[in-house]
Amino acid sequence: MRLFLLWLLVRPALGVEWTTHALRLTGESDKVHDEAVAALRMWPNLEGTLKTALIGDKKYLALDVIAALSLQSMMADLFAQSENDENGSIYLTINALLNSDNQTQIAQLYLDRLRHHKGMSMPSQVVLLDTLGRMGISLSDKDLTPYLESSSFEVRSAALYYLRYQVLKFGMSARLPLIKNFLIQEPYQIRLQALYLILDLPSKLKTQAQPLLANCKADRHREVQGLCRSLAGEAK
């Protein structure tokens, strides 16, 4: 009887679209959110509806639903559509479905995409670098270089955070020399970001990083020069 009453509550009403419930997934109370989830779970042929929506103008609502309902069965569709992800939203949805069972598959997809990055949007590059960094997955120096030297500040910043994860969280000290690339780049904020990474190193690694500071001691930006000289043990 309870299941029947629930069905009566959430069954598709005349004139109600799945998008009505999808719109209630965000910006609403927990109660409204939960009711929307319940309604969508019982929606007839929901997955077929979402497959169609992913290639249309309701794509972002479909992504919200897939994430909210944790629809692992949609993963293949997300993988296929992510190849042309314009703003990283599909990759973020894949991340929302990430678990111990699919982590290896997702990591391999991201590695392959970053190795063959031509045409990949800037936001997608940022999302993939951040995700692999958090997972401790290594790109080779050759595959990482395009992101270290990208014309996009956001991508270079993401690449530097990728190195931060690798060195600080996963102890990959062999990647320390790559930080040098950032100490000569513009804008000055990227140089500061690299220096703060060095500042956060444990004492032993900070000693190893000293040769990286040779050129920034005379940096034209006062804040960069001051932090660099401080890290080198010199008076500002």
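Bear in mind these aren't lab numbers, they're just calculated from the coordinates by the rules spelled out. Keep in mind it's a predicted model, so treat the numbers as computed, not measured. Quick reminder, even Gly has a Cβ in these numbers, built from the backbone with ideal geometry, and neighbours come from all protein chains shown.
Look at the range 52-77: where a residue is under 13 Å from W18 (Cβ atoms) and a partner is in a loop (DSSP other than H, G, I, E, B), sitting 6+ places away or on another chain with Cβ atoms under 6 Å, you get A62/L54.
No other residue among K142, K118 is without any contact (Cβ under 8 Å) to a residue 40 or more places away in the chain and more than 19 Å from A174 (Cα to Cα) apart from K118. Scanning the range 203-224 for residues that are in a helix (DSSP H, G or I), basic (K, R) and within 10 Å of Y188 (Cβ to Cβ) yields one hit, R222. The residues on offer are S124, S173, S152, and the sole one that is in contact with an Asp or Glu (Cβ under 8 Å, 6 or more places away or on another chain) and small (G, A, S) is S124. The set of residues from the range 90-116 being buried (at least 17 other Cβ atoms within 10 Å of the Cβ) and of a type outside the set (A, V, I, L, M) comprises Y91, T93, N95, Y110, R113. Candidates in the range 46-96 are the residues that are part of a helix (DSSP H, G or I) and among the charged types (D, E, K, R); of these, the one that is nearest to the chain's Cα centre (by Cα) is D64.
Does the range 192-199 contain at least one residue that is in contact with a helix residue (DSSP H, G or I) (Cβ under 6 Å, 6 or more places away or on another chain), among the aromatic types (F, W, Y) and either buried (at least 17 other Cβ atoms within 10 Å of the Cβ) or farther than 28 Å from I106 by Cβ (or both)? No, there is no match, as no residue in the range 192-199 is in contact with a helix residue (DSSP H, G or I) (Cβ under 6 Å, 6 or more places away or on another chain), among the aromatic types (F, W, Y) and either buried (at least 17 other Cβ atoms within 10 Å of the Cβ) or farther than 28 Å from I106 by Cβ (or both).
In this entry, Y161 passes the filter for residues that are closer than 22 Å to E223 by Cβ, surrounded by fewer than 19 Cβ atoms within 10 Å (Cβ to Cβ) and within 20 Å of the chain's Cα centre (by Cα). Give the residues of the range 131-149 that are more than 22 Å from I90 (Cα to Cα), among the aliphatic types (A, V, I, L, M) and outside any helix (DSSP H, G or I), sorted by residue number. Correct list: empty.
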